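The values are calculated or read from the model by the stated rules, or taken from the named source; none is laboratory data. The model shown is predicted, which means the values in this text are computed figures rather than measured ones. Virtual Cβ from ideal backbone geometry, glycine too; neighbours counted across all protein chains shown.
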Amino acid sequence: MTETGAEVLQQITRRKRRRWKGWLVLALLVALCGGGAWVYGRGSDSTPAVSYTSSEVATRDIVVQITAVGTVEPIEQVDVSSLISGTIAEMAVRVNDRVKKGDVLARLDTSSLQAELARDQATLAAQKAQVADAEAALEAARATLARVQKIHDKGLNTDDELSTAATAARRAEAGLAQAMAQVQVAEANVLLSETSLAKAVITSPIDGMVLEVSADVGQTVNASASETAVLFTLAHDLAQMRLSVDVAEADVGKVALDNPAEFTVDAWLGESFPAQVSELHYAPQTVDGIVTYPTILSIDNSDLRLRPGMTASADITVQEVKGVLTVPNAAFRFSPPRQSVATQSSSGLLGVLFSGGGPGGNRGNRTTVSNEPDREGFRGLYVLRDGVPAKVQVKTGATDGTLTQVLEGDLKAGDLVVTAQTTVAE
C-alpha cells in the first residue's frame, strides 16, 4: 500500500472514533436526563400532608376595655396648719383617730395671748372713760354757748364773745368724736386678741380621719414664715374614695362618664375592686412626650381595705356587645402559603435545574401578613369548605383583642375559620 493510501485509511479510522465518542456522550446525557426525571418524578409523587388549625365561629359576648394606671386617693384631703405663732402645749389626737368638724386637734401656749388680751381690755376701759369726759366737756360747752347767746340777744355782749363760745362747743364735739373713735380702736384690739386666743386651739375643719401628725408638744410654730408648716393631714370619709388614673390620648375618646371599671392593687393580689368613671379632665398631662388625660373613678371603700397612695391598675369597660357573631383575631392573621414554582408541571433534570428546586430553591412557601380593614370595614379570612380554605370577606365591629364581632359577610355560627396551617412531608 502506498504512503498516500495509508494516510487516507488513518483519517477514516479517526472519523469513526470521533463519531462513536459523540454517540456515547449523547447516550450518557439521555441516560442522565431519564434517570433525573425518574428520581425527580419519584420525589414529586410524595405530596406533603397539609393540616389546618381552625376555630369555630360562635355567638359570644364582647367586652372592650382599656387599661390605665393610677393612685387611690381620698375624695377630700386637708392639710391643717396653725394660723398664729406659738408653742404647742397639747396634742389631742393621734394618727388614725376619727374626728368630727370642730374637734380639738392641738392647743398652743396661751399665756402671752391672755396677757395681750388683758392689756387691750384695759385700754378699752380707758378709752371709754375718755368718752365720758368728752361728753361732759361737750355738755358744758353747749351750756356756755346757750348763756352767751341769750346775753348777746339782749345786746349785753359782743359778737366776739358769742363766736368764742360757739368755737368751744365745736371743739368739745370733736373731742367726743375722737374719744369714741379711740374706743372703737380699742374694741378692735380686744377682738383681735380674743381671736388670736381662740386660734390657739387648733380644730378639725372636716369630719374624717387623721392620716398624719407632723408636730409634737413643745414644738414652736411660726405662722409668719413664707411656707407654714403642716401640723395635721386629714382625710374626709375614707369609706368613699377615688382612683385617679392617666388615660392615654389614643383611648380617651372611648371613655365616657359612668363607664364601669374594675381595678387591682398589689396589697390584694388576685382580687378586683369595682369602680365607676365620675370625672373626665380636659387638661392634658405630658411626661417624656407622652400625653395622658386625668380620669377620676369613684370607689366604695366601706370595708376600709383600700388606703390612700395605693397604686392601682384599672380596666375601664368602654363598650359591651352581647350575643353577637364572633371570630378569633388569629383568623385575620392567616393567609395560605404561596405555591412554589417547583410544584408546577415541569419535571426531569431540566425541571429541577430551572424550577429553583434543590437547596435554597423553594422560597415561595411563606405566609403573608393579614390584610387591614378597607374603607368600608371589610377584612378577609379563610373558612374551611369541604376541607379546603375558601376566602371570605366580612365586615367587622367591636374587638376585645382576642375576638372580633362580625357584622356582615358569608359566615355563620358553626363555620370553621382557619387560624394556622401545618405541612408535614410523607
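Number of residues in the range 142-164 that are touching a helix residue (DSSP H, G or I) at 6+ places or on another chain (Cβ under 6 Å) and either of a type in the set (S, T, N, Q) or touching a residue at least 60 places away in the same chain (Cβ under 8 Å) (or both): the value is 2. Residue count for the range 232-279, restricted to those that are free of Cβ contacts under 8 Å to residues at least 40 places away in the same chain and small (Gly, Ala, Ser): 6. From the list SER340, SER370, pick out the single residue that is at pLDDT below 90, within 41 Å of the chain's Cα centre (by Cα) and not assigned by TED's automatic domain parsing to the domain that holds GLY253. The conditions single out SER370.
Check whether at least one residue in the range 61-80 is more than 37 Å from the chain's Cα centre (by Cα), in contact (Cβ under 8 Å) with a residue 60 or more places away in the chain and under 27 Å from LEU211 (Cα atoms), and report yes or no. Scanning the range 61-80 turns up no residue that is more than 37 Å from the chain's Cα centre (by Cα), in contact (Cβ under 8 Å) with a residue 60 or more places away in the chain and under 27 Å from LEU211 (Cα atoms).
Scanning the range 233-252 for residues that are of a type in the set (Asp, Glu), surrounded by 14 or more Cβ atoms within 10 Å (Cβ to Cβ) and either assigned by TED's automatic domain parsing to the domain that holds ASP97 or farther than 16 Å from MET209 by Cβ (or both) yields a count of 2.
How many residues does the range 368-399 hold that are within 11 Å of THR326 (Cα to Cα) and in a loop (DSSP other than H, G, I, E, B)? Result for the range 368-399: 0. Just one of the listed residues (VAL201, VAL230, VAL210, VAL217) is surrounded by 14 or more Cβ atoms within 10 Å (Cβ to Cβ) and out of contact with any Lys or Arg (no Cβ under 8 Å at 6 or more places or on another chain), namely VAL230. The requirement of being under 60 Å from the mean Cα position of the chain (by Cα), within 30 Å of ALA223 (Cα to Cα) and exposed (fewer than 14 other Cβ atoms within 10 Å of the Cβ) is satisfied by ALA115.
Only one of GLN114, GLN127, GLN121 is closer than 30 Å to VAL190 by Cβ and free of Cβ contacts under 8 Å to residues at least 60 places away in the same chain; which? Criteria check complete, one pass: GLN127. Within the range 371-410, the set of residues being of a type in the set (A, V, I, L, M) and surrounded by fewer than 17 Cβ atoms within 10 Å (Cβ to Cβ) comprises LEU384, VAL388, ALA390, LEU407.
Considering (1) at pLDDT below 85; (2) surrounded by 15 or more Cβ atoms within 10 Å (Cβ to Cβ); (3) of a type in the set (A, V, I, L, M, F, W, C), the lone condition that PHE332 does not fulfil carries the number (1).
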